[in-house]
Amino acid sequence: MTIKNKVSDQFIYKPIKSIFKGCESMTQMKNKTFSDSSKQYVSTACPLDCWDSCAISATVEEGKIISLAGNPSNPVTGEHLCSKGMHHLQRRTHPKRLYQPMIKRNGSFEAISWEDALTLIATKMNDIKENYPTTAVLHCNYAGSVGLLKQLETRFFSAYGGVTTSTGSLCAGAGQQAQLYDFGKVLSHEISDVVNSKMVLIWGRNPSETGIHAMPFLKTAKEKGAQIVVIDPRASLTSKGLSARHIAPKPGTDAALALAMAHVIIHEDLIDHNFIASHVSGYEDFKAIALSMTPEMASVITGIERETIVEIARLYGTIKPACILLGYGVQRYTNGGDTVRAIDALGAITGNIGIEGGGVNYNNASADDLIEDEVFSGKSLRHFERNCPRPYMADFILTAVDPPVKMLFVTRSNPITQFMETSKMVKAFNHVDFKVTIDHFMTDTALASDLVLPCAYFLETTDVVMPPAVHSYITYCSPVVQPDPWVPSERWIYSELAKRMAMHTFPQWDSNQWLEAGLAPLFQKTGWSLQTLKNGPVKCPGIGTIAWDDLKFPTPSERIELSSEKALTDGFEQTAVFKPIKAEPTQQYPFFLITPHIGASLHSQHFLDAPDTQLPIVYLNDVKATELSLIQGDFAEVFSETGTLICEVNVSKDLNPEIVTIHEGWWLQNKGGVNKLIPEQYSKMGMHAAYYETVCGVRKVNKQLDERKGAVL
Ligand SMILES: Nc1nc2c(c(=O)[nH]1)N[C@H]1C(S)=C(S)[C@@H](COP(=O)(O)OP(=O)(O)OC[C@H]3O[C@@H](n4cnc5c(=O)[nH]c(N)nc54)[C@H](O)[C@@H]3O)O[C@H]1N2
Ligand SMILES: Nc1nc2c(c(=O)[nH]1)N[C@H]1C(S)=C(S)[C@@H](COP(=O)(O)OP(=O)(O)OC[C@H]3O[C@@H](n4cnc5c(=O)[nH]c(N)nc54)[C@H](O)[C@@H]3O)O[C@H]1N2
Ligand code: SF4
Ligand SMILES: [Mo]
């Protein structure tokens with residue numbers, strides 16, 4: 001039997017009004033608490049790698065967490081948590097959560113004691129050290145939790161002697177490197193400032209799913225009369241939720257659009273002459289490039305009507321202040337860095353930098369200065385160093401010599417599901433003798449490992465969540481409850497391993513001692529102590545609401561550099577350019593494959609609960625679907641040069657006919673794994689994964705899903 005329309009609505013697009021569904025407001029919580037003194041609030045923060053880093057207030061009664069709510073002491077994230085924030089309670093006590101170390105013997109996992117697990121790791125690491133440089137160990141980490149103390153993992157591996165460190169970016173790296181060339185640092189306005197904007201370009205960003213606390217501010221801006229334009233090859237929930245104008249460039253062509261907009265702005269003399277004269281260098285070089293990209297040319301490249309390009313350019317050139325909310329989707333291409341440089345230039349030539357309601361808001365590195373990097377990185381302790389770029393980690397593992405990779409240690413990451421080219425990654429895992437993963441659940445990566453260590457959930461341990469891109473609040477995370485059954489923090493795991501390996505440069509400190517040392521720059525700057533943080537979320541000084549309001553740019557010229565010698569020295573173009581991406585639809589692979597993030601899950605994490613009886617969903621334009629004889633609920637095989645994936649078809653009129661979309665995150669063990677379709681490829685700028693530069697084909701399959709077994713027959 002073919003199951004039709006069985007898609008649980010949790011894993012498909014949701015209308016915006018349901019975002020806050022099920023969320024109990026803090027005001028309600030307070031009222032309850034005041035009438036019942038047996039309840040206690042504990043302050044913590046959501047450690048998921050999301051734009052928002054919400055402050056959370058947990059209500060505890062008789063040693064049990066009874067509810068979580070947003071803590072309005074952080075006014076940016078306020079009273080409401082998203083569905084994932086609310087779900088932390090169920091996730092902490094999830095029946096599939098791991099509580100004991102698990103070792104693989106003869107292909108299946110069995111529980112072992114902590115003593116045996118730690119002794120095994122210590123013995124393996126000591127053996128490797130005797131026979132190879134310590135870089136024979138590869139530490140693969142990423143973004144599973146943003147807690148500051150998670151970084152102790154790096155300190156541990158440095159104290160060991162220095163391992164092969166995973167570097168490069170799967171996330172925001174190309175754009176970050178671009179903004180370093182342009183501005184000297186990556187800074188954003190606090191998201192609340194968008195209410196002062198009269199025009200907002202939401203460019204390759206989808207806050208309605210990926211950072212929902214931007215949405216109320218965007219709605220306010222709109223109510224105050226701001227023009228809002230969403231630039232995205234697909235109609236995202238953001239453009240729908242804001243009823244905003246939507247412009248759909250062909251994937252990977254945004255630099256042509258931005259340069260053509262600059263062309264119009266320069267040609268019609270809408271530039272800010274004073275701002276350019278005082279704060280911009282390299283304008284003439286940029287002007288020459290922009291003038292060579294006419295709106296006619298850009299129209300052919302991007303597929304957007306010439307008149308639309310001219311109109312949007314005129315709006316952006318005349319309405320001030322105008323803000324760009326730049327997302328990470330725009331730079332998941334081999335030309336991603338140049339794209340962000342072209343968009344940055346729009347902000348610079350119109351003088352929209354350093355002013356209320358302006359900015360080219362991407363990421364925010366201002367909190368980096370508040371941390372003592374050496375405490376967590378232990379870089380000075382390393383005897384050996386080697387880097388493994390994540391966008392080709394599988395290839396690296398398979399080809400590494402001097403030394404080969406003898407051990408893989410995975411922390412807060414799920415590379416089998418989330419990194420590129422899954423079949424190669426599976427081979428790479430098989431190639432390594434001993435793989436250890438620390439995770440709360442038996443993920444695809446844990447399954448491919450030899451030893452899996454569980455660890456405490458953030459509600460069970462101490463940490464600090466630093467300010468993210470959209471606000472300046474730092475939040476101390478107090479342990480809300482004790483883990484039951486007991487499971488250790490990662491700090492405990494590294495401390496115990498350090499003891500067993502006589503690593504004296506990994507001190508046996510408790511969490512607060514590490515935080516005192518690691519946050520010393522913050523405390524020196526502010527006169528605060530850890531106690532100040534323990535009282536609830538606090539706004540960090542020195543992280544301005546308006547980025548660049550002092551107009552001091554830490555570039556070589558101390559100006560915004562539209563022409564960057566540093567970029568040239570690093571092997572890139574000196575000025576923003578449009579270079580076509582390499583992937584182009586062909587007869588064999590007629591679609592671009594975009595694999596964006598879904599509201600219901602943080603990457604792969606909440607796909608833990610995707611029903612067994614469900615396949616991943618491929619979203620397809622209705623006309624194309626008809627051409628392929630596909631209707632809603634059919635099964636289709638999506639194929640690319642690196643793999644295939646069977647999906648359930650979701651047909652929609654408002655999808656761009658050139659694009660198919662499958663959300664990232666669906667587990668392989670649950671018949672997902674979209675990264676099977678995506679080759680290991682990257683933007684050299686920022687060494688950044690070019691996930692969306694993928695083409696694919698779609699064909700109907702007559703397979704059926706066995707509802708009981710969840711198997712595809
Ligand atoms: N619910 C949820 N929230 C998340 C995450 C999650 O997994 N789930 N992940 C977090 C993380 S780690 C990150 S990096 C952020 C990402 O946050 P966002 O940048 O907002 O999200 P993405 O899904 O990467 O992409 C944003 C948009 O870029 C569009 N896009 C794709 N190609 C192009 C292009 O060529 N040009 C233009 N203009 N747009 C394009 C996509 O269609 C998508 O709608 O979200 C964070 N928040
Ligand atoms: N096709 C495609 N692939 C993508 C993307 C895309 O847009 N398209 N986006 C990319 C982006 S932007 C990113 S940031 C990456 C994310 O890549 P990953 O960080 O690998 O993704 P997650 O699925 O969040 O996996 C994190 C793992 O950490 C675990 N975890 C959570 N908390 C803790 C903890 O406290 N300790 C430990 N040890 N583990 C913990 C979770 O259970 C989960 O298994 O994915 C990338 N992959
Ligand atoms: S996932 Fe993001 S929006 Fe949701 S609770 Fe966590 S920080 Fe807040
Ligand atoms: Mo990311």
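The values are calculated or read from the model by the stated rules, or taken from the named source; none is laboratory data. Predicted, not measured: the structure shown is a model, and the values here were computed from it. FYI the Cβ positions are ideal-geometry reconstructions off the backbone, even for glycines, and counts take in every protein chain you see. We work out accessible area using only protein heavy atoms, side chains counted, and drop any ligands, DNA or RNA first. Shrake-Rupley method; radii C 1.70, N 1.55, O 1.52, S 1.80 Å.
Using every Cα-Cα pair within region 293-376, state what percent have a distance larger than 22 Å.
Tail of P(r) above 22 Å: 40 percent of Cα pairs.
Just to verify a number: FRET efficiency for GLN482 and GLU115, C-beta to C-beta distance, R0 = 22 Å, to 0.05?
Efficiency at R0 = 22 Å is approximately 0.55.
Give the whole-number value, in cubic angstrom per residue, of the convex hull volume spanned by the C-alpha atoms of region 188-238.
Each residue corresponds to 74 Å³ of Cα convex hull volume.
Take the Cα atoms of region 514-569, find their three principal axes, and give me the spread along each one in whole Å, biggest first.
46, 25, 15
What base-10 log of the normalised intensity I(q)/I(0) is obtained for region 407-478 from the Debye formula, alpha carbons as equal point scatterers, at q = 0.13, 0.28 Å⁻¹?
Treating every Cα as an identical point scatterer, log10 I(q)/I(0) equals -0.51, -1.19.
Give the relative contact order (percent, whole number) for the chain; include only Cα pairs under 8 Å separated by 6+ residues.
20
What is the distance, in nm, between label points placed 7 Å from the Cα along the Cα-to-Cβ direction at GLN513 and at ARG699?
In this crude label model, GLN513 to ARG699 measures out at 6.3 nm.
So what does the Cα-only Debye profile of region 431-571 read at q = 0.18, 0.19, 0.20 Å⁻¹, as log10 I(q)/I(0), no solvent term?
Here the Debye-derived log intensity ratios amount to -1.09, -1.14, -1.19.
What's the Kirkwood radius of region 608-682 in Å, using all Cα pairs?
12.9
Ratio to report: Rg/Rh of region 344-443, with Cα atoms as the point set and Rh obtained by the Kirkwood method; give two decimals.
Taking Rg over the Kirkwood Rh, I get 1.14.
Considering just Cα atoms, how many Å³ per residue does the convex hull of region 25-149 enclose?
168
Among the listed pairs LYS124/LYS525; LYS499/LYS676; LYS39/LYS539; LYS222/LYS653; LYS96/LYS539, give every one whose C-alpha distance is greater than 32 Å.
Long pairs (Cα-Cα over 32 Å): LYS124/LYS525; LYS499/LYS676; LYS96/LYS539.
Using θ = phi - 60° and the Karplus curve 6.51 cos²θ - 1.76 cosθ + 1.60, what whole-Hz ³J(HN,Hα) does each residue of region 474-480 get, with Gly and Pro shown as x?
Result, rounded to whole Hz: 9, 10, 7, 9, 7, x, 8.
Given the alpha-carbon gyration tensor of region 255-394, what are the semi-axes of its equivalent ellipsoid in whole angstrom, ordered largest first, with each equal to the square root of 5 times an eigenvalue?
Each semi-axis is √(5λ); the values are 35, 20, 13 Å.
Report, ordered by chain and residue number, the lysines lying within cross-link reach of LYS579, taken as a straight Cα distance under 25 Å and ignoring same-chain residues fewer than 8 apart.
Once the sequence-local lysines are set aside, what remains near LYS579 is LYS185, LYS250, LYS287, LYS566, LYS684.
Starting at the first residue of region 138-151, write each ³J(HN,Hα) from the Karplus equation 6.51 cos²θ - 1.76 cosθ + 1.60 with θ = phi - 60°, in whole Hz, x for Gly and Pro.
Values per residue, Gly and Pro as x: 10, 9, 9, 10, 8, 10, x, 8, 9, x, 4, 5, 4, 5 Hz.
For the chain, with only Lys/Arg (+1) and Asp/Glu (-1) charged at the beta-carbon, what is the dipole magnitude about the Cα centre, in debye rounded to 20?
1300
Which of MET199, ASN670, GLY173 sits farthest toward the positive end of the charge dipole of the chain, with +1 on the Cβ of Lys and Arg and -1 on the Cβ of Asp and Glu?
My answer, from the dipole projection, is ASN670.
For a distance above 21 Å, tell me the whole-number percent of Cα pairs in region 525-625 that qualify.
I get 72 percent for the Cα pairs in region 525-625 exceeding 21 Å.
In Å², what does the accessible area per residue of the chain work out to with a 1.4 Å probe?
On a per-residue basis, the chain sits at 37 Å².
Rg to Rh ratio, the chain, alpha-carbon atoms and Kirkwood radius?
0.95
Which percent of the Cα-Cα distances in region 134-293 go past 20 Å?
Summing the P(r) tail past 20 Å for region 134-293 gives 68 percent.
Between ILE319 and GLN632, what's the calculated FRET efficiency when r is the beta-carbon distance and R0 is 56 Å? Round to 0.05.
According to the calculation, E is roughly 0.85.
Would you mind getting the Kirkwood hydrodynamic radius of region 245-310 from its Cα pairs, rounded to one decimal in Å?
Evaluated on region 245-310, it is 12.4 Å.
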